[in-house]
Structure formats: structure tokens, C-alpha cells
1. Enumerate the amide H contacts of Lys167 below 5 Å, restricted to partners 5 or more residues apart or on another chain; note that Pro and chain-start residues carry no placed amide H.
2. Would you kindly derive the ³J(HN,Hα) couplings of the stretch 8-23 from the backbone phi angles with the Karplus curve 6.51 cos²θ - 1.76 cosθ + 1.60 (θ = phi - 60°), listing them in order in whole Hz, with x for Gly and Pro?
3. If you add up the charges near Trp152, with Lys and Arg at +1 and Asp and Glu at -1, over every other residue whose beta carbon is less than 13 angstrom from its beta carbon, what do you get?
4. I'd like the Karplus ³J(HN,Hα) series for the stretch 148-160: coefficients 6.51, -1.76, 1.60, θ = phi - 60°, whole numbers in Hz, and an x wherever there's a Gly or Pro.
5. With the full set of protein chains in place, find how many percent of the accessible area of the stretch 44-104 is carbon and sulfur; take the probe as 1.4 Å.
6. Using 7 Å Cα-to-Cβ label points, what is the Asp220/Thr115 separation (nm, one decimal)?
7. Please grab the % of Cα pairs in the stretch 3-71 that end up more than 13 Å from each other.
8. Round to a whole angstrom and tell me the spacing of the C-alpha centers of the stretch 51-129 and the stretch 184-259.
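The values are calculated or read from the model by the stated rules, or taken from the named source; none is laboratory data. These figures come from a predicted structure and were not determined experimentally. Because the Cβ atoms are built from the backbone with ideal geometry, glycine has one as well, and the counts that use them run over all protein chains shown. The area values use the complete protein model at the heavy-atom level, side chains included, leaving out ligands, DNA and RNA. Shrake-Rupley method; radii C 1.70, N 1.55, O 1.52, S 1.80 Å.
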Amino acid sequence: VRGFTAISEGLDAEELTAFLNSLFTPLSKIILEEQGTIDKFMGDAVMAFWNAPLDDSEHAKHACQAALRIMQEMPGLNEHWRNEAALKGRSFNPVKIGIGLNTGVCCVGNLGSETRFDYSVIGDNVNVASRLEGQSKMYDVVTIVGESTTAWAPDFAFLELDLLKVKGKTEATRIFALLGDDALKETRGFIDLTARHGEFLRTYRAGDWDAADQLRRECDRMNGSGLHRLYALYRERIAFFRQNPPAPDWDGSTEALSK
């Protein structure tokens, strides 16, 4: 949940508990219906994984479907909370969330101590998923996925966001926004945007700032998926690089400064 501290400040303990229950109940239902395993609830977050304890050959697909369904669930939940706030005479700000998905080999099993343990999952790929969720704030998209997830679930509408070195990692990885299902992927608008956006990234990483800025503006004008903050972010980067050119061996990547 984005801005959870501000939300919690306006609620007493019972109201905060009721809010979290009203959020986690429908989200948990979606995760379980999409064959996910709920690992734990962590304050304002829920952690889940797929493909264990039962094998699931379409685990990446089911994870992406869960993320899309959660995104679709939020407007209805916000309307419910808005009505509740109005009845109690409180102001209301829409609740926003961030989701990170990553696919890879992990260690899953009973983790903890000899006296108390949980069935959970650990590993580098788990850490990357957490980092991707955190970056959803900077790019202003709800769901960010790692490149491996796009390979395992190719039928979804993904758009590459960046070549990013997440916090704690030395090598950059391509990260993508999950924007929709196969129906969106096959629309002319998305196909055109994907092609032009790919041209933009190529010119940007080649250091052709004039061409990149022109393509950035074109993508922003044709964008129907709410990616204006993404293109504003690249506008700021291009302006910076015009005055402070990157090193000759720059690979086009960006280093995340926060989790």
C-alpha cells in the first residue's frame, strides 16, 4: 500500500485493522483462485508465491493474472472506502498499491527455528521481486515484472520500462510494466506503442538525445496506458545527460538509489 503511514495516522487501531482486513480479504481470494500460495502478511503488504507446494507449469501466467485481477479490484474497493469515509465525515484519498513479480529458482520449505517455523520461500529471485515492487513508486505503474517473467508468460501486454540495477545488485536487468492481458496485447494501439517505445529506448541507450526526446514525446502522445510519469522521468534524464554526458562505455542502464 502506498502512503500507508499517512493512512494509518487517520485511523484508530480498530479502524486500521478493519481497513487491512477489507483489503487483504479480496486480494487473498484472488491469489488463491489463481493457484498462489500466501506466504505472509507484512503490515500493509501481502507476499505470495506460485509453483509450490504443488507444481504449476503455468505459474508465471497465474501470477500475472492475479496481479491484473488485483489491479481491477482496487477501484471498487476505493469506492467502498470512500463511502465509508463520507458516512463518518472523514476525508478520503484513494488507496494505491504496488506489485512486484519475478520468476526464477528459489528455496521453498519450512524456514525458521527448531521451535517455530513457517512454510516460506527465500533466494535472490525473491529479493528481486521485492525490489521491483519498491520501484513501482518511481515509475508510477502498479505492477513491475522481471524479464524472466515475461519469457514465462508471453501472452500478456508488457512494456519495457528500463534497464535497471536494483538496490544491492551489480548487474542491470530489464524491467517491464504489466499493462494487460492478451486482448490488450493484440490491439493496434498497444502494438504501435510497443514499436515506437522500442525505438525510443534504442535511441536513448545510444545517447542520441535529440531523437530520443522526439520519440519520447510521440510515445507520450500516443500513450493510452497512463505512462505519463514514465516519459516525464525520461525527459528529466535526457535533460541531465545533455549537460552531463554518461561515460563512453555506458550501457543505457540506471542504478536504483532506493529499495
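1. Correct list: Ala256.
2. 5, 5, x, 10, 7, 4, 5, 5, 5, 4, 5, 4, 5, 5, 5, 7
3. Here the charged neighbours net out to -3.
4. Running phi through 6.51 cos²θ - 1.76 cosθ + 1.60 with θ = phi - 60° gives 5, 5, 5, 6, 7, 10, x, 8, 9, 8, 10, 10, 5 Hz.
5. Heavy-atom surface of the stretch 44-104 belonging to carbon and sulfur, 1.4 Å probe: 49 percent.
6. Label-label distance for Asp220 and Thr115, simple model: 5.9 nm.
7. More than 13 Å apart: 67 percent of the Cα pairs in the stretch 3-71.
8. One Cα centre to the other: 29 Å.
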